[in-house]
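Since every read-out is calculated from the coordinates, none of them should be taken as a lab result. Remember, it's a predicted structure, so these values are computed and weren't measured experimentally. Counting neighbours? That spans all protein chains shown, and the Cβs are built from the backbone with ideal geometry, glycine included.
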Amino acid sequence: MSLIEPKFLLGEAAIAAGLTPSTVRSWINKKQIALESDENRKEQSHRKVSVIETLRFALAGALTKQCLSVEQAWDIAIQHVNFDKDFRETYGWQEDDLEGAIDGHFQNKFLYISRHPELRGWKIQSFTPTQRGVIPVKIIEEYPAATIVNLTPLFQKTIRRLAEAEDPK
């Protein structure tokens, strides 16, 4: 399964990400999110998206449920779901090695997202718990109010749904 090739219909991708197709279309139509796959889209063709964009939908959807705006959630998703060429070369992943990417980089990863009262914007930190479910104390002391998103099950569920859409039985 290619990470960057736009091959899933928008509706399939939205459902795989745990969202409704109308929700994602609304975000696009209101210009709350911009898709990389739209750059090469022909005017009357069906919109197709990549695995990466689908994972971004999943993360943005999870963050909007935690009271972040769609725009904030999409910015965070773009920052943290990025398998660009340099990133893939750094970790030695092949284009189609989605399982390796998820298991290698996102295994047991959490995003700790907080807003410091004296800073503008959001503080976003990726971490692996030191013990089962324990957040590093330094993070909590520095930025006390937070949303925590466990990326592993979120992304694994999304990938499983995409695989089912790609290869219906």
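Numbers below:
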{"read-out": "16 Å reach of a label modelled at Ala163, 7 Å along Cα-to-Cβ, counting backbone N of segment 10-43", "value": "16-17"}
{"read-out": "Paramagnetic label zone (point 7 Å from Cα along Cα-to-C-beta, Lys30; backbone N under 14 Å) in segment 52-68", "value": "61, 64-65, 67-68"}
{"read-out": "Residues Asp38, Asp167, Asp75, sorted so that the one with the fewest Cβ neighbours within 10 Å comes first", "value": "Asp167, Asp38, Asp75"}
{"read-out": "Burial ordering of Arg56, Arg25, fewest other beta-carbon atoms within 10 Å first", "value": "Arg25, Arg56"}
{"read-out": "FRET efficiency for Glu5 and Lys65, using Cβ-Cβ distance with R0 set to 25 Å, rounded to 0.05", "value": "0.30"}
